[in-house]
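Trainee: Handing you this structure, nothing more for now.
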There are 2 protein chains.
Amino acid sequence: MAEIPPAARELLESDALAHLVTINPDGSPQVSIVWVGVEDDEIVCGHLPFHRKLRNIERDPRVSLSLEGSGLNRIGLREYLVVHGRGRIEEGGAPELLQRLAHAYLGPDVKFPPMDDPPPGYVLRITSERFGGVGPWAK
Amino acid sequence: MAEIPPAARELLESDALAHLVTINPDGSPQVSIVWVGVEDDEIVCGHLPFHRKLRNIERDPRVSLSLEGSGLNRIGLREYLVVHGRGRIEEGGAPELLQRLAHAYLGPDVKFPPMDDPPPGYVLRITSERFGGVGPWAK
């Protein structure tokens, strides 16, 4: 497990969207965009249904995610963070996590999930193994 | 090969960055952010060195890319486009393509690549097979 560098943590806790990659049974990439946060040095995201990405992670826990930063490098290219890690799935807790993340992504007064009685869902917890991309977090 | 829907083409030709996923020899995802454009109904990007992503595509042509849109869906989530396709690599032509894409990504007066005598590099051409994500391009 690699500790999350401070600049990477700041981006992971911002309103930057995370492009999450999991591996399909046929070895092809599966991609979706998710909200993320950080808890106990793990990257977390919440899911109400048991999505295909979660089934993929049950079978092969290797995941990658990428987020666009706001800084530019010396030739004007946008900084970005790539995290390679391993995911594990916890049952329950999704509505509470999504509500917390909604404050970062949508605003301080938003109710999310929007329905009154959401299912408990699943929390995906990702342990970081390697950081890349372009920016202060990249080797 | 799937024809690129008009709304997806508009996003692919905008200044939205593409998160490009290729498959490493060990089956894990490799992710980088690239500039993209459209030529002859293919998605194109230019590379000066023969990056790891190009080596990956030589071995396994399956690629995915994701781009953030600007619209929101009915519950306030950002639209995004995912393209699944197959890549092939052409030698040469990268500086000319990068200069064209730099006008969309950096501005009308930018010289890119910034060096005086760039190598011919490689152009990655991606044939789309399936569109997903959240937005008018998703089934």
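We did not get these values from a lab; they are worked out from the coordinates using the rules stated. This is a predicted model, so every value here is computed, not measured. Quick reminder, even Gly has a Cβ in these numbers, built from the backbone with ideal geometry, and neighbours come from all protein chains shown.
Trainee: Count neighbours as other Cβ atoms within 10 Å of each site's Cβ, and list the trypsin sites (Lys or Arg not before Pro) in region B:1-75 that are DSSP loop with at most 12 such neighbours.
Mentor: Here the sparse-neighbourhood loop sites are B:Arg74.
Trainee: Whole-Hz Karplus ³J(HN,Hα) for region A:119-135, in order, using 6.51 cos²θ - 1.76 cosθ + 1.60 and θ = phi - 60°, x for Gly and Pro?
Mentor: Once rounded to whole Hz, the list reads x, x, x, 9, 10, 8, 10, 10, 8, 6, 10, 7, 10, x, x, 10, x.
Trainee: Modelled label-to-label distance, A:Arg130 and A:Glu3, 7 Å Cα→beta-carbon offset: nm?
Mentor: Each label point is offset 7 Å from its Cα along the Cβ direction, giving 2.1 nm.
Trainee: Additional query: What net charge do the residues around B:Ala16 carry, taking every other residue with its C-beta under 15 Å from that of B:Ala16, with Lys and Arg at +1 and Asp and Glu at -1?
Mentor: Neighbour charge sum, excluding B:Ala16 itself: -3.
Trainee: Applying 1/(1 + (r/R0)^6) with R0 = 25 Å to the Cβ-Cβ distance of B:Arg74 and A:Asp109, what FRET efficiency is obtained, to the nearest 0.05?
Mentor: Plugging the Cβ-Cβ distance into 1/(1 + (r/R0)^6) gives 0.85.
Trainee: If we count every other residue with Cβ under 15 angstrom of A:Met115's Cβ, Lys/Arg +1 and Asp/Glu -1, where does the sum land?
Mentor: Local charge sum for A:Met115: -1.
Trainee: Related question: Quick one: 3J(HN,Hα) in Hz for region A:50-62, Karplus 6.51/-1.76/1.60 with θ = phi - 60°, rounded, Gly and Pro as x.
Mentor: Couplings: 7, 4, 4, 4, 6, 4, 4, 5, 4, 7, 9, x, 6 Hz.
Trainee: Also, quick follow-up: For an R0 of 45 angstrom, estimate the FRET efficiency from the Cβ-Cβ distance between B:Arg55 and A:Asp117 and round to the nearest 0.05.
Mentor: The formula returns an efficiency of 0.35 here.
Trainee: What Kirkwood radius, in Å to one decimal, follows from the Cα pairs of region B:1-126?
Mentor: Taking the inverse mean of 1/r over all distinct Cα pairs, region B:1-126 comes out at 15.2 Å.
Trainee: Also: What are the ³J(HN,Hα) couplings of region B:26-38, residue after residue, when phi is run through the Karplus curve with 6.51, -1.76, 1.60 and θ = phi - 60°? Round to Hz, x for glycine and proline.
Mentor: Result, rounded to whole Hz: 8, x, 7, x, 10, 10, 8, 9, 9, 7, 10, x, 10.
Trainee: So what is the relative contact order for chain A, in percent, with contacts set as C-alpha pairs under 8 Å and at least six apart?
Mentor: With pairs under 8 Å counted, the relative contact order is 30 percent.
Trainee: Follow-up question, since we're still on this one. Any idea what angle helix A:94-105 forms with the longest principal axis of chain A, computed on alpha-carbon atoms, 0 to 90 degrees, nearest 10?
Mentor: 40
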